[in-house]
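Structure record follows, encoded as structure tokens.
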Amino acid sequence: MLRVVYKADDLPPGVVSDWREERGLVEIRVAQEAKPRDFIPSLNGTLRDFLANAEWFQLWEGEFLSADHPQSPLRVTFKPSRLVPTPPVYIREDKGDVILYVSPTASVEEFVQTLNPSIEEFLDGGQWFQLWRGEIVTMDSPGSAAA
């Protein structure tokens, strides 16, 4: 099973977000007191680093996309939402591109509580997989990492 889990956490001074990965799991921590104006750009950097160093893929209309795909490099981008009113976070996906819109007034806790079930549903669509030490891990893979 694949999981991407966001957590509000106490991080070292100056660190707004970070990530770790294991089989079937990516955990992204966000400084619990951060404001969207701080955690949105930090998460963009964290996700660029994650995609450059991990092996996650999107299956789009029969084509496998990764961060180094020549025509459609895989990107995950956080942006402030312009909707009024707006939910704490909502997701849009296209070929090679995932955009997560964040309410400019969302607390990290609201962000995390809204995002985690949305990502679970998003991954349940079966269009994503992880290559972990030579093993292809999908939503249907047995076992999962504990978050």
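The values are calculated or read from the model by the stated rules, or taken from the named source; none is laboratory data. On a predicted model such as this, the values are computed, not experimentally measured, just so you know. When we count neighbours, we look across all protein chains shown, and the Cβ atoms used for this are built from the backbone with ideal geometry, even at glycine.
On inspection, Arg92 does not qualify as part of a loop (DSSP other than H, G, I, E, B), basic (Lys, Arg) and either in contact (Cβ under 8 Å) with a residue 12 or more places away in the chain or surrounded by fewer than 16 Cβ atoms within 10 Å (Cβ to Cβ) (or both). Residues in region 27-39 that are buried (at least 21 other Cβ atoms within 10 Å of the Cβ) and either touching a residue at least 40 places away in the same chain (Cβ under 8 Å) or assigned to a helix (DSSP H, G or I) (or both): Val30, Ala31, Pro36, Phe39. The single residue among Ala67, Ala52, Ala106 that is in contact (Cβ under 8 Å) with a residue 40 or more places away in the chain and of a type outside the set (Ser, Thr, Tyr) turns out to be Ala106.
When the residues of region 118-140 are filtered to those that are among the aliphatic types (A, V, I, L, M) and not in a loop (DSSP other than H, G, I, E, B), the one that is surrounded by the fewest Cβ atoms within 10 Å (Cβ to Cβ) is Ile136. Among the conditions (1) aliphatic (A, V, I, L, M); (2) modelled with pLDDT of 95 or more; (3) out of contact with any Phe, Trp or Tyr (no Cβ under 7 Å at 6 or more places or on another chain), Ala146 misses just one, which is (2). Which one is nearest to Pro73 (Cα to Cα) among residues in region 40-54 that are loosely packed, with under 15 Cβ neighbours inside 10 Å and more than 11 Å from the chain's Cα centre (by Cα)? Only one residue fits best here, namely Ala52. Kindly indicate whether Pro104 is in contact with a strand residue (DSSP E or B) (Cβ under 9 Å, 6 or more places away or on another chain) and surrounded by fewer than 16 Cβ atoms within 10 Å (Cβ to Cβ). For Pro104, the condition - in contact with a strand residue (DSSP E or B) (Cβ under 9 Å, 6 or more places away or on another chain) and surrounded by fewer than 16 Cβ atoms within 10 Å (Cβ to Cβ) - is met. Condition first: at pLDDT 95 or above, part of a helix (DSSP H, G or I) and crowded, with 17+ Cβ neighbours inside 10 Å. Can you find one or more residues in region 58-72 that meet it? No, because not a single residue in region 58-72 is at pLDDT 95 or above, part of a helix (DSSP H, G or I) and crowded, with 17+ Cβ neighbours inside 10 Å. Every condition in (1) touching a Pro at 6+ places or on another chain (Cβ under 6 Å); (2) closer than 26 Å to Arg23 by Cβ; (3) among the polar types (S, T, N, Q) is met by Asn116 except one, and the failing one is (1).
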